[in-house]
Amino acid sequence: MNTGTRIEGVPVAGSESVLSDEALLFVAGLHREFNGRRTELLARRAERQKLFDAGELPGFLLETADVRAGDWAVAPAPADLRKRWVEITGPVERKMMINALNSGASVFMADFEDSLSPTWENVVRGQVNLMDAVRRTIAYASPEGKSYRLNPSIATLLVRPRGWHLPEKHVLVDGAPVSASLFDFGLYLFHNAKALEERGTGPYFYLPKLESHLEARLWNDVFRAAQDALKIPRGTIRATVLIETLPAAFEMEEILYELREHASGLNAGRWDYLFSLIKKFHARADLVLPDRAQITMTVPFMRAYSELLVKTCHRRSAHAMGGMAPFIPTRKDPEINAAALAKVRADKDREAADGFDGTWVAHPDLVPVAWEVFEKALGEKPHQKERLREEVVPDPARLVDLRVPNGTVTEAGFRLNINVTLQYLNSWLLGNGAAAIFNLMEDAATAEISRAQLWQWLHRGAPLADGRRATAELYRTVRAEELARLGGSGSGRLGEAADLLDSLVLDQGFADFLTLPAYGLLA
């Protein structure tokens, strides 16, 4: 069958079932119908960035005021998406998927995006793993002989495809790389929609990196076309949108409205949101954010963002999902665990008190902690959508007032950003997109914050707490020291990681996403 596609990647075990002619024809059809709009919307992002660079601030849209004033709600949640107290996330890696599905969480988000290094092998095997997970046949045997299988009761499965900005270079449609979003989404839906229906669930997704309601409209049109092509009812697909860009924070209602027949809720994707704040305002000489660790969810602008998300969701009968707890417990130091778990509990207490219907964790050991918090807050209720947060007044000024009381830039924070980004890029280039670093689960979103802060501090000459200023010379000195501490440029792919970080931090222009130049370095 001539699908008009060409596979550039080498054969991977299981690819014959994933990359069937019928599946590729389905993906190619979606790409041909919608890729033009995708590229137009990406160009719109670039034009909007020019306005931010010129000093314009985002605001609520005048042209959609009737949507915000209207009386409407999203579609009722399916039975297995009504209770979402704790959601665990991780890449589409076989062992991690089994552990996450067995973790006791309400939902497992299987990730093709920030926590996956998109090697061709990872992407194809990820689809194989999802097919096996949907059919409950997924299993894994470790080199040590330990066996992993699914429990009788598992978390509801959601899938996060890659963002609109990313290509899949290993698959060409009519000679051009296919949209990674449509590739990930299309293959999963094609292979699993019927099997999911037979098991009383459905094809559920998380949508990343949206910057406008027009991008949500594009996803909605993709959903309609895909459901029609597969002859499944419209509304079968459900999507939760991560509000993780500054422009999207001003279009939350509109995003829900565009997706209302398919929408399940919004998620406070706080790490990418912090990165987006720096990126959108990188041209502002007056903006210097302090050390990453000092920008918590209790600082004013992050609090304004999270409270507005809860208010927006509950007004429209949608789930409001809290942010990620990235802590990774250690067996070596109980004191570290105790201190970190106390912070996790306090974070989840705040989210439950603010009205969130559930939250995210990165490790199975955090599921009981988060579950206990929401069980105490909600009791027998699956959610708390009745809390309308009418006292929260949408205020554009609060969302863009990025002052952090008593915030400072320290040498320790400067060093940490360099060290973490070097370690993460090395891990990513070696094929692992979810790296445990200093007892935190680092992914592309957290690495983006670190490299964006370094760029900002250097290009704004940020004053350090000890009186020095951030300079290129200081960066080169510290980078050399941290690289040596990690084993030097001959260790793993640290040399390439260091070169990439240098370009991301020292170049005059601000790169939109570190994963775009890094993608060219993947084997």
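The values are calculated or read from the model by the stated rules, or taken from the named source; none is laboratory data. The shown structure was predicted, so the numbers you read here are calculated from the model rather than taken from an experiment. Heads up, the Cβs are rebuilt from the backbone with ideal geometry, glycines too, and the neighbour counts pull from every protein chain shown.
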* Asked: helices (runs of 4 or more DSSP H) wholly in region 1-98 with at least 3 residues that are more than 19 Å from Asp221 (Cα to Cα) and without any contact (Cβ under 8 Å) to a residue 60 or more places away in the chain - which ones?
  -> 21-53, 65-69
* Residue that is among the hydroxyl-bearing types (Ser, Thr, Tyr), crowded, with 17+ Cβ neighbours inside 10 Å and in contact with a strand residue (DSSP E or B) (Cβ under 8 Å, 6 or more places away or on another chain), where the choices are Tyr475, Tyr519 -> Tyr519
* Could we say that Arg415 is outside any loop (DSSP other than H, G, I, E, B), of a type outside the set (Phe, Trp, Tyr) and in contact with a Ser or Thr (Cβ under 8 Å, 6 or more places away or on another chain) here? -> no
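Looking at Ala484, Ala498, Ala511, which one is exposed (fewer than 13 other Cβ atoms within 10 Å of the Cβ), under 23 Å from Gln453 (Cα atoms) and outside the structural domain of Leu166 (by TED's automatic domain parsing)?
Ala484
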* Asked: So is Val86 more than 30 Å from Thr359 (Cβ to Cβ) and crowded, with 19+ Cβ neighbours inside 10 Å or not?
  -> no
* To do: Could you please find all residues in region 181-217 being hydrophobic (A, V, I, L, M, F, W, C), assigned to a helix (DSSP H, G or I) and more than 18 Å from Asp21 (Cα to Cα)?
  => Ala195, Leu196, Leu214, Ala216
* Asked: If you go through region 426-433 one residue at a time, do you hit one that is of a type in the set (Ser, Thr, Tyr) and surrounded by fewer than 20 Cβ atoms within 10 Å (Cβ to Cβ)?
  -> no
* Structure fact -> Considering region 357-391, residues that are under 16 Å from Gly323 (Cα atoms) and small (Gly, Ala, Ser), and then whichever is surrounded by the fewest Cβ atoms within 10 Å (Cβ to Cβ), we arrive at Ala362
* Failed item, numbered, when Thr137 is tested on (1) in the same structural domain as Glu198 (by TED's automatic domain parsing); (2) surrounded by 14 or more Cβ atoms within 10 Å (Cβ to Cβ); (3) of a type outside the set (Gly, Ala, Ser) -> (2)
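In the set Thr240, Thr245, which member is in the same structural domain as Val159 (by TED's automatic domain parsing), free of Cβ contacts under 8 Å to residues at least 60 places away in the same chain and surrounded by 22 or more Cβ atoms within 10 Å (Cβ to Cβ)?
After applying the criteria, what remains is Thr245.
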* **Arg303 vs. criteria assigned to a loop (DSSP other than H, G, I, E, B), surrounded by fewer than 24 Cβ atoms within 10 Å (Cβ to Cβ) and either touching a His at 6+ places or on another chain (Cβ under 6 Å) or of a type in the set (D, E, K, R) (or both)** => no
* To do: Kindly indicate which of Leu289, Leu256, Leu274, Leu309 is in a helix (DSSP H, G or I) and farther than 20 Å from Glu351 by Cα.
  => Leu256
* Structure fact -> For region 187-202 the number of residues that are more than 17 Å from Asp228 (Cα to Cα) and among the polar types (S, T, N, Q) is 1
* Asked: Got a number for residues in region 137-163 being touching a residue at least 40 places away in the same chain (Cβ under 8 Å) and closer than 28 Å to Trp85 by Cα?
  -> 17
* To do: Kindly check whether there is at least one residue in region 320-333 that is surrounded by fewer than 21 Cβ atoms within 10 Å (Cβ to Cβ) and in a helix (DSSP H, G or I).
  => no
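Could you identify the single residue in Ala28, Ala23, Ala13 that is small (Gly, Ala, Ser) and at pLDDT below 95?
Ala13
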